[in-house]
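Every number in this text was worked out from the coordinates using simple rules, so none of it is lab data. Everything quoted here is computed from the prediction, not taken from an experiment. We place every Cβ from the backbone using ideal geometry, glycine too, and count neighbours over all the protein chains shown.
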Amino acid sequence: MTDLWWKSAVVYQIYPRSFADADGDGMGDLRGIIAHLDHLAELGVDVIWLSPIYPSPQDDNGYDISDYQDIEPVFGTLEIFDELLAGVHARGMKLVMDLVVNHSSDEHPWFVESRSSKDNPKRDWYWWQPAREGLEPGTPGAEPTNWGSVFGGSAWELDEKTGEYYLHLFSKKQPDLNWENPEVREAVYAMMNWWLDRGIDGFRMDVINMISKVLPLPDGRVVAGSSYGDGSAGFINGPRLHEFLQEMHAKVFAGRDAKLTVGEMPGVTVDEAILFTDPARHEVDMVFQFDHVWADRGADPWLLMPLQLTNLKAIFNRWQAGLAEVGWNSLYWNNHDQPRAVSRYGDDSPDHRVASAKMLGTVLHLHRGTPYVYQGEELGMTNFPFRTIDDFRDIEALGQYAQATGQEGRSPEEVLTVLRARGRDNARTPMQWDTSEHAGFTTGTPWLAVNPNYPEINAEAARADPDSVFHYYRKLIELRHTEPTVVDGDFTMVLPNHEQLYAFTRRLGDTELLVIGNFSGSAVKAELDDDWSGAELLLTNLATAPQDLTLEPWQAVIYRRVTQ
């Protein structure tokens with residue numbers, strides 16, 4: 001395991017269109033990232049993960065790729081990318097690219113050829129099927145299966161020219177690639193090798209557990225209140241997924257210096273993740289699972305559920321225990337698909353925003369696994385105050401709003417209440433750099449409105465304030481780099497049934513850490529069976545240490561002791 005450098009690393013995700021705009025067109029770009037590399041170096045992160053920067057029609061903000069081996073002109077050029085890569089490496093950091101190969105853009109030359117005729121050599125590079133037997137193409141229910149798209153509507157789109165349907169689990173402009181075709185796989189591996197040869201340090205793989213489908217494609221379970229079936233059993237963790245990932249490793253990563261491979265896998269279980277991340281199986285280094293960011297969701301997606309802390313702890317405990325001996329966890333609260341954690345699981349009011357942001361960081365970073373920091377998380381950025389659906393730009397939010405208020409008959413306010421709290425655009429508002437217009441993100445008109453709280457929450461102010469979220473995150477990252485127990489220690493949940501305190505220990509040899517986070521706005525005493533009265537207080541997020549293990553609202557503590 002000595003070559004697994006990423007065990008002690010911290011990854012920082014950049015959403016390029018919202019990070020920094022150097023040319024004033026309102027869209028973030030590569031030169032904007034280059035201008036702020038010192039911010040990331042000062043934070044202390046080891047790896048930068050870039051959301052897609054490839055050429056794209058931007059139907060899904062770049063996750064619809066029309067050319068895998070170039071740079072979207074809005075972001076820059078390959079020459080500027082090489083400059084960025086050199087700047088990242090010069091600062092001792094690594095760079096990971098987003099890999100989106102479950103689907104491409106419908107404007108990719110592969111799909112343009114595939115849809116041109118039924119006998120085109122690339123026809124079988126995508127999923128094409130005729131209408132159901134006995135039904136005319138285009139009539140209701142004629143789709144090959146009843147699957148619904150993640151973004152609303154059917155997962156099948158009729159192509160008028162050939163009279164057949166193509167599969168798109170996401171937008172109709174994101175047709176699914178057919179991984180059953182070995183030519184598709186070889187083309188993907190060649191592209192990955194091209195980027196690695198250019199000098200990048202790995203890939204984060206978007207919805208990679210959807211690339212293997214069940215054959216023949218089955219109808220899904222009909223979901224109450226929906227016009228479509230849940231097809232996930234037909235495409236989540238399909239029958240050839242392990243085979244495909246092992247083949248990818250053999251043809252792309254084998255024989256290279258250790259590269260980071262992260263598989264985003266909605267619906268993955270602990271038992272499956274053990275197989276995916278077992279180093280001896282040569283698949284991926286770690287997976288992104290979603291259990292903990294679905295902890296506040298009920299059966300009805302349009303009903304906001306308050307967080308039950310014991311549920312969240314049980315989820316984390318299950319993953320920590322499951323991957324304790326084999327495999328590895330990825331740790332995150334935020335990313336480009338999630339609302340801001342301080343607004344979701346913390347308290348973003350002026351009185352408690354800073355403390356709760358630090359507390360959430362403490363609890364997450366002290367688990368066993370590799371932590372991910374999403375841009376602005378280190379500042380304690382919050383959800384945006386959306387007013388109407390017109391404030392949203394995200395294709396998922398717009399599609400789900402249309403379906404919920406149309407076919408499902410829900411009230412606009414009911415749907416908006418959930419989108420305000422859970423919508424992906426909360427994470428995509430521009431990075432808040434300073435107090436100048438548009439938070440220093442752009443000199444033009446930003447593609448998505450800047451959060452109006454930027455005069456109080458911005459990087460310039462955070463770096464100048466030694467008690468800021470930014471400097472606290474620096475301490476958490478430094479602790480991972482310097483305290484072996486954080487990386488390699490075992491994990492034991494403490495007070496699993498407590499609804500306000502999140503407490504656990506980490507132990508490596510004779511060193512033990514105690515971590516407690518108060519997930520409430522009230523002072524709470526930690527009643528522990530073990531006596532930690534003589535332990536060293538390594539870190540707390542408030543000005544004063546707790547007395548008798550009574551934590552103030554949103555307080556976090558890390559204690560260390562050496563046992564004989």
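Once the Cα atoms are used to define both axes, helix 78-90 deviates from the longest principal axis of the chain by about 20 degrees. For the chain, the share of DSSP beta bridges that are antiparallel, to the nearest 5, is 60%.
Label sites at residue 222 and residue 38, each approximated as a point 7 angstrom past Cα along Cα to Cβ, lie 6.3 nm apart.
Using only side-chain charges placed at the Cβ, +1 for Lys and Arg and -1 for Asp and Glu, the dipole size of the chain relative to its Cα centre rounds to 660 debye. Using θ = phi - 60° in the Karplus curve 6.51 cos²θ - 1.76 cosθ + 1.60, the 3J(HN,Hα) couplings for the range 254-268 round to 4, x, 8, 4, 3, 10, 8, 10, 10, x, 6, 9, x, x, 6 Hz; x is entered for Gly and Pro. Among 296, 60, a tally of other beta-carbon atoms within 10 Å of each Cβ gives an order, fewest to most, of 296, 60. Around the amide H of residue 231, modelled in the peptide plane, lie the amide H atoms of 148, all under 5 Å away and 5 or more residues distant in sequence or on another chain. Amide H contacts under 5 Å for residue 373: 11, 12, 13, restricted to partners 5 or more places along the chain or on a different chain, H placed in the peptide plane at 1.01 Å from N. In the chain, with Lys and Arg counted as +1 and Asp and Glu as -1 at Cβ, which of these residues, 513, 168, 58, has the Cα nearest the positive end of the dipole, that is, farthest along it? In the chain, that residue is 513.
Over the chain, the Kirkwood radius and the radius of gyration, each from Cα atoms, give a ratio Rg/Rh of 0.96.
Kirkwood radius, the range 387-508, all distinct C-alpha pairs, inverse of mean reciprocal distance: 18.4 Å. The order of 354, 74, going from fewest to most other C-beta atoms within 10 Å of their C-beta, is 74, 354. Sorting 520-530, 95-105 by their mean Cβ neighbour count within 10 Å, with the most densely packed peptide first, gives 95-105, 520-530. Taking the longest Cα principal axis of the chain as reference, the axis of helix 182-198 is set at about 40 degrees.
Close amide H contacts of residue 290 (hydrogens built in the peptide plane, cut-off under 5 Å, sequence separation of 5 or more or a different chain): 267, 268. With one equal scatterer per alpha carbon and no solvent term, the Debye-computed log10 I(q)/I(0) for the range 105-178 at 0.13, 0.19, 0.21 1/Å reads -0.33, -0.71, -0.87.
Listed by Cβ neighbour count within 10 Å, with the fewest neighbours leading, 331, 366 appear as 331, 366.
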